Amino acid sequence: MEGAAIPVGLRWPTQPSRDAPGQLALFDAPERVVGRGEYRELQFVHVEARRIINRLPAPTPPAFRFTVNAYRGCSHACTYCFARPTHEYLGLDPARDFDRVIVVKVNAVDALRAELAPKRWAGASVAMGTNTDPYQPAEGKYRLTQGLVRVLTEARNPFSILTKSTLVLRDLELLIEATRRTSVECAMSVGTLDDEVWRLTEPGTPRPVQRLEAVARLNEAGVACNVLVAPVLPGLSDSPAQLEAVARAALDAGAPSVSSVLLHLRPGVREHYLGSLAEHRPDLVAHHERLYAHGAYAAGAERSRVTRLVADLVARHRTPTGAGISRRPGRFGPVT
Ligand code: SF4
């Protein structure tokens, strides 16, 4: 039952210990809460984050040097999710637990307000969506991203949001207000319009056409929302016809920028993704082993091919005004 605290033993220490001398504690006072209703498949681990703004070292580009992630784990459950190993650090299973045991930094909004205090903070842009989706289903319950956006807006601090969720539209009015006060960059990740590939690889996300409808609504409201065609999945969503379909639809939604990223398979993620392929598309396993023979990144020639192809498609289909092709309702087909 929701609200019943269940003891949880996160591996991460809440206090420095002899086992981990000098180890900085990230969280205090974890407790586990079982969801109900639309969240009945999920468990939430409530934690108090010691810090909410993470600083990433160079050569991280300036736009992503400061990040905020109110959640850890993501029930969007993408088979390729590069954040899965972050659950392993906590003693949780990066496969099944990542999709259904969501760490919730319940003090995220208050912590951000404190860390943005003028004496402590120089006003750099803050990126959300770098390690987990800020509008994943848990956000419907906790509204932490909404609170973070409000705090950043009040502080007139630039920020960016990357998501795969239509839940971002819940905060449309707030985002419109934010764009009046500061620099806001939104991006929607839509790797494919192919429903079969979507069901197989991103089972917890809104359908791609719904995401593109959200992109259109954001852009029509004056909140610029780019589209990231990512990840492009070798053998599943990388054909010229598939990429042309998604590039055209992104432009049609008014995306000011459309770019792509080929699948990246870091250790820990690789095993999970190839395991899923072995189960559902065993014909593609050997292809991946060749393509990723030298590490987490696909062979350079293949990365260049996909980047160039998407860039060429965008250039070919972009209208002279630089935005979408049409703005009529229902342009992406039926939305379920
Ligand atoms: S939406 Fe992003 S964070 Fe969530 S599972 Fe998918 S790739 Fe991971």
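Between 165, 189, the distinction of being under 21 Å from residue 252 (Cα atoms), within 16 Å of the ligand (Cβ to nearest atom) and touching an Asp or Glu at 6+ places or on another chain (Cβ under 7 Å) belongs to 165 only.
None of 228, 243, 212, 200 is more than 23 Å from residue 287 (Cα to Cα), of a type outside the set (S, T, N, Q) and part of a helix (DSSP H, G or I) except 212.
Considered as a group, the residues in segment 122-144 that are under 18 Å from the mean Cα position of the chain (by Cα) and more than 13 Å from the ligand (Cβ to nearest atom) include one that is nearest to residue 213 (Cα to Cα), and that residue is 140. Is it true that residue 107 is over 16 Å from residue 204 (Cβ atoms) and out of contact with any Asp or Glu (no Cβ under 9 Å at 6 or more places or on another chain)? Against the criterion (over 16 Å from residue 204 (Cβ atoms) and out of contact with any Asp or Glu (no Cβ under 9 Å at 6 or more places or on another chain)), residue 107 does not qualify. Counting only residues that are closer than 26 Å to residue 231 by Cβ, basic (Lys, Arg) and surrounded by fewer than 23 Cβ atoms within 10 Å (Cβ to Cβ), segment 71-116 holds 2 of them. Set side by side, the residues 228, 218, 200 differ, and just one is within 16 Å of the ligand (Cβ to nearest atom) and in contact with a strand residue (DSSP E or B) (Cβ under 6 Å, 6 or more places away or on another chain), which is 228. The listed residues are 91, 147, and the only one of them that is at pLDDT below 95 and either more than 16 Å from the ligand (Cβ to nearest atom) or on the phi > 0 side of the Ramachandran plot (or both) turns out to be 91. Does any residue in segment 228-255 that is closer than 16 Å to residue 188 by Cα come within less than 9 Å, Cβ to Cβ, of a residue that is aromatic (Phe, Trp, Tyr) six or more places away or on a different chain, and which pairs are these? So the pair list comes out as 231/80; 231/82; 249/332; 252/332; 253/332. Taking segment 269-302 as the range and being in contact with a Leu (Cβ under 7 Å, 6 or more places away or on another chain) and among the aliphatic types (A, V, I, L, M) as the test, the residues that pass are 277, 284, 285, 296, 298, 299.
Residue count for segment 274-310, restricted to those that are in contact with a strand residue (DSSP E or B) (Cβ under 8 Å, 6 or more places away or on another chain), of a type in the set (A, V, I, L, M, F, W, C) and without any contact (Cβ under 8 Å) to a residue 60 or more places away in the chain: 1.
Which of the following residues is away from the ligand (no atom under 16 Å from the Cβ) and of a type outside the set (D, E, K, R): 158, 206? Matching residue, one of 158, 206: 158. Screening 9, 37, 3 for residues that are loosely packed, with under 10 Cβ neighbours inside 10 Å, at pLDDT 90 or above and more than 20 Å from the chain's Cα centre (by Cα) leaves exactly one candidate, 37. Of all the residues in segment 282-299, those that are under 12 Å from residue 233 (Cβ atoms) and assigned to a helix (DSSP H, G or I) number 4.
The values are calculated or read from the model by the stated rules, or taken from the named source; none is laboratory data. The structure presented is a predicted model; accordingly, all values stated were derived computationally and were not measured. A quick note on method: Cβ atoms are made from the backbone with ideal geometry, for glycine too, and the neighbour counts reach across all protein chains shown.
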